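Participant: Pasting in a structure now, in structure tokens, and then I'll have a few things to ask.
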Amino acid sequence: MVRLVFPEAREWRYIIEGLAAIVEEASFVATPEGLKLRALDPGRVAMVDLFMPPTVFEEYKVEAEAKIGVSFDDLVDVMKRAKSGDKLVMEVSGNRLTVTLAGKAERRFRLPLLDIAGQELPTPRLNFTVAAKMLSDTFRDALKDAELVAESVRLKAEDENLLMIARSDKGEVETRFSLSEGSLMEIDVKEPAEAIYGIDFLDKIVSKAYRVSDIVSLRFATNMPLELTFDVAGGGTLKYLLAPRVE
Amino acid sequence: MLSKPNARLCSQCKGSRRLCGLPECPILVRVRQQLKLEKLRETRTLYSPTPPSVLVGEHGYPRVRAGVNLPALGSEDPRLFEDPGAWWGRLSLYDIIRLRAGLVFSYSVSHVKAAGKLSEAVQEAALSLKPVDSEAVFRRPPTPRLTFDPLLKPVGPSAPVEQLRVVGNPAIPRRVDQLVLDRVKAGRALVELYEHGYDVYYLQRLLSAGVLGVEKRLVPTRWAITAVDKLLGDYLLGKLRDKPPLQGYEVYHSSYIGNRYTLVLMPRPWSMEMVEVWMPHSVWVPGEQAQVYTVHEWSDGRPSAEDGGYQAIRFAVLEELSKRGRQASVLAVREITPEYFAPVGNWQIREGVRNALRRGPVKASTLEEALEVAAGLLLTPLREILSRSVLLRHLKVQRGLEEFLEA
């Protein structure tokens, strides 16, 4: 038996949309320690990693570890029906997931559980040399600018600055984030780093996940994956890992 | 008298702009004379077997023209008037135009939702797997003309009808009848019928005639064609998700009526790109410079642009991959030469790709090797394709995440 109550269904909708940006079908794993989901996109270029500890829920009842396999297309459709102020209840029994949106009326959606064969993904151990924190809106805007000219962006960190550079025969767009001008909230550069990432993926992720959190934390290193972390109020995290392009 | 039309001009003109300077289009005149289309000017009623062939226009939506195509001339087997699978590789472009010019589009105008008695006849005909005798009483005699469209088969003379009746017995499969009566959602019905072995052309006809779905409505044929490709393509892609990639590189090729398809299949998770090259002087490309147009999708299966030709290729490729139970990353190059002076519909794209895949591959063990094979089949220089292909660049530079996950 699994029963989870989340106070704000809207917020949960944004999290689900953030997951749906990467995966079509995947399994949540509910354990007494929290709710987790870790999955690769079908092209094996990006990974999403969600962790929601019991503290973010109003009620968290998981007696034994349970796998909750869902189709995100369907789940997004259901979550889009959430109105502000609705409370969300998720229950698993038998081979069904029941999603209840409780507002003025109690609306109950029953979805079949999917049996998804997937290998356990290891926790990545990567040595990032750069860590930065900024408003997720700022990052999203910079991507939108870069998209005008190119299909990939170069992230470059040196001293106290982070640069996003997009270049093609159409032109060049450069965005500078810095502590002194306030566009960065934190930055820690162990050694200067430079890496290229596809805009398609970045944009897909950020255009959904920015609604989960106002703040995004970035970590990367030269020719290494980029990690984007969005914190969920109450201690949860929605994390993405995106493989680099190496030209 | 100009005996052989200049393909370059014809492709721009399509019979309507008199670019060759002659008072009338020599191609259409020839078709008209050969077929004695003028005879149609006196026709008030027509009794003949429709292949079946139905057409729903899009102009004026939601009030559209809907009707059946009835053979008025020619002594061919009625099936041949609408049989893309049989046309491919056998008929010349001119044969196809001539064939289609002998069909009279017998239509009435109705609202897509409020199908009247006349559209009922259209639906009855559409459901049939075999030619079915029909009778049209025209309000005014057919105008002898021909129109071309990139998605649709050529449309011949047309006339509004006062009466349209299906006289013969339509051959309707029981399963289809049941799905129609049960008001199964159109998407589900199409998938189910496809799995039962009905070909896309029959499914296009059913969707267009508005017999499927909960709320029956006519669907303009151009929309129905792409809708079926997209829907079945998405369905087939869903089934491929947990399948392994190909084992090596494969190159396929086919060529017909000025459309050359070269496909490179790569051992990777699903993604696809179409590079469409309109060779100089081909349909709609008057200049000396080839025009290149690309559409791609990554593994998420969402194309970067809406394009009926792309969807036709995608469907044909996914159909083959799903038979083999293998994923692949696919580069599909379509080259259109001036020989394709009039568009005859995107069935030739679907059939061109199907035929290329049916012929079997040239195998290669590296991407470079595969591209070299492709270069030998392409008219366009390979570097031109390389510089335009987002997919090839992506495959070359994008690293997979898994190599970073291993401890």
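The values are calculated or read from the model by the stated rules, or taken from the named source; none is laboratory data. These figures come from a predicted structure and were not determined experimentally. Glycine also receives a Cβ, built like all others from the backbone with ideal geometry; neighbour counts cover every protein chain displayed.
Participant: Is it the case, given these coordinates, that residue A:102 is surrounded by fewer than 19 Cβ atoms within 10 Å (Cβ to Cβ), among the small types (Gly, Ala, Ser) and touching a residue at least 12 places away in the same chain (Cβ under 8 Å)?
Facilitator: yes
Participant: Now for a separate question. I'd like to verify a number: residues in segment A:125-148 that are within 14 Å of chain B (Cβ to nearest Cβ) and farther than 14 Å from residue A:221 by Cα, how many?
Facilitator: Of the residues in that region, 1 qualify.
Participant: Suppose we filter segment A:78-136 for residues that are among the hydrophobic types (A, V, I, L, M, F, W, C) and under 30 Å from residue A:191 (Cβ atoms); how many remain?
Facilitator: 8
Participant: To continue, here is another question. How many of the residues in segment B:24-81 are charged (D, E, K, R) and within 17 Å of residue B:108 (Cα to Cα)?
Facilitator: So the answer is 4.
Participant: Which of the numbered conditions does residue B:55 fail, given that it passes all the others? Conditions: (1) at pLDDT 95 or above; (2) on the phi > 0 side of the Ramachandran plot.
Facilitator: With respect to (1) at pLDDT 95 or above; (2) on the phi > 0 side of the Ramachandran plot, residue B:55 is out only on (2).
Participant: Could you please find all residues in segment A:24-46 being facing another protein chain (nearest Cβ under 9 Å) and either part of a strand (DSSP E or B) or buried (at least 22 other Cβ atoms within 10 Å of the Cβ) (or both)?
Facilitator: The answer is A:25, A:40, A:41, A:42, A:45, A:46.
Participant: Could you pull out the residue among B:217, B:205 that is touching a Gly at 6+ places or on another chain (Cβ under 6 Å), under 22 Å from residue B:63 (Cβ atoms) and not β-branched (Val, Ile, Thr)?
Facilitator: Selected residue: B:217, the only one of B:217, B:205 that is touching a Gly at 6+ places or on another chain (Cβ under 6 Å), under 22 Å from residue B:63 (Cβ atoms) and not β-branched (Val, Ile, Thr).
Participant: How many residues does segment A:127-167 hold that are touching a helix residue (DSSP H, G or I) at 6+ places or on another chain (Cβ under 8 Å) and acidic (Asp, Glu)?
Facilitator: 2
Participant: Right, another one. Out of everything in segment B:380-407 that is out of contact with any Ser or Thr (no Cβ under 7 Å at 6 or more places or on another chain) and among the aliphatic types (A, V, I, L, M), what residue ends up being farthest from the other protein chains (Cβ to nearest Cβ)?
Facilitator: By that ranking, first place goes to B:382.
Participant: Something else about it: Of these, B:127, B:118, which one is in the same structural domain as residue B:54 (by TED's automatic domain parsing), touching a strand residue (DSSP E or B) at 6+ places or on another chain (Cβ under 7 Å) and of a type in the set (A, V, I, L, M)?
Facilitator: Result of the check over B:127, B:118: B:118.
Participant: Which numbered condition trips up residue A:103, out of (1) farther than 16 Å from residue A:5 by Cα; (2) over 24 Å from the mean Cα position of the chain (by Cα)?
Facilitator: (1)
Participant: Could I ask something else about it? Which of the following residues is modelled with pLDDT of 95 or more and either under 30 Å from residue B:178 (Cα atoms) or crowded, with 22+ Cβ neighbours inside 10 Å (or both): B:152, B:127?
Facilitator: Just a single option satisfies the conditions, and that option is B:127.
Participant: Continuing with this model, one more query. Here are some residues: B:243, B:230. Which one is touching a helix residue (DSSP H, G or I) at 6+ places or on another chain (Cβ under 7 Å) and not aromatic (Phe, Trp, Tyr)?
Facilitator: Unique residue meeting the criteria: B:230.
Participant: A further question follows. Would you be able to tell me the number of residues in segment A:188-202 that are assigned to a strand (DSSP E or B) and within 14 Å of chain B (Cβ to nearest Cβ)?
Facilitator: Summing the residues that are assigned to a strand (DSSP E or B) and within 14 Å of chain B (Cβ to nearest Cβ) in segment A:188-202 gives 4.
One line per residue, one yes/no per condition, for (1) within 14 Å of another protein chain (Cβ to nearest Cβ); (2) of a type in the set (Asp, Glu); (3) surrounded by fewer than 18 Cβ atoms within 10 Å (Cβ to Cβ):
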| position | (1), (2), (3) |
| --- | --- |
| A:96 | no, no, yes |
| A:175 | no, no, no |
| A:182 | no, no, yes |
| A:186 | no, yes, yes |
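Participant: Take residue A:206 and decide whether it is more than 13 Å from every other protein chain (Cβ to nearest Cβ) and more than 21 Å from residue A:18 (Cβ to Cβ).
Facilitator: When the stated conditions are applied, residue A:206 does not pass them.
Participant: Sticking with this structure for a sec: Failed condition for residue B:161, given (1) without any contact (Cβ under 8 Å) to a residue 40 or more places away in the chain; (2) over 23 Å from residue B:309 (Cβ atoms), with all others met?
Facilitator: Failing condition for residue B:161: (1).
Participant: Condition first: of a type in the set (Phe, Trp, Tyr) and surrounded by fewer than 22 Cβ atoms within 10 Å (Cβ to Cβ). Can you find one or more residues in segment B:383-406 that meet it?
Facilitator: Yes, there is a match, as at least one residue in segment B:383-406 is of a type in the set (Phe, Trp, Tyr) and surrounded by fewer than 22 Cβ atoms within 10 Å (Cβ to Cβ).
Participant: While we're looking at this one, here's another question. Of all residues in segment B:333-372 being among the polar types (S, T, N, Q) and part of a loop (DSSP other than H, G, I, E, B), which is surrounded by the most Cβ atoms within 10 Å (Cβ to Cβ)?
Facilitator: The selected residue is B:346.
Participant: Can you report the number of residues in segment A:225-247 which are in contact with a helix residue (DSSP H, G or I) (Cβ under 7 Å, 6 or more places away or on another chain) and either within 14 Å of another protein chain (Cβ to nearest Cβ) or within 16 Å of residue A:132 (Cα to Cα) (or both)?
Facilitator: Number of matching residues: 9.
Participant: Now, a different point. If I ask for residues that are of a type in the set (Asp, Glu) and under 18 Å from residue A:162 (Cβ atoms), which ones from segment A:215-241 would you list?
Facilitator: A:227 - this is the single residue of segment A:215-241 that is of a type in the set (Asp, Glu) and under 18 Å from residue A:162 (Cβ atoms).
Participant: Looking at (1) more than 17 Å from residue A:245 (Cβ to Cβ); (2) of a type outside the set (A, V, I, L, M); (3) in a strand (DSSP E or B); (4) in contact with an Asp or Glu (Cβ under 8 Å, 6 or more places away or on another chain), which one does residue A:180 not meet, given that it meets all the others?
Facilitator: Failing condition for residue A:180: (3).
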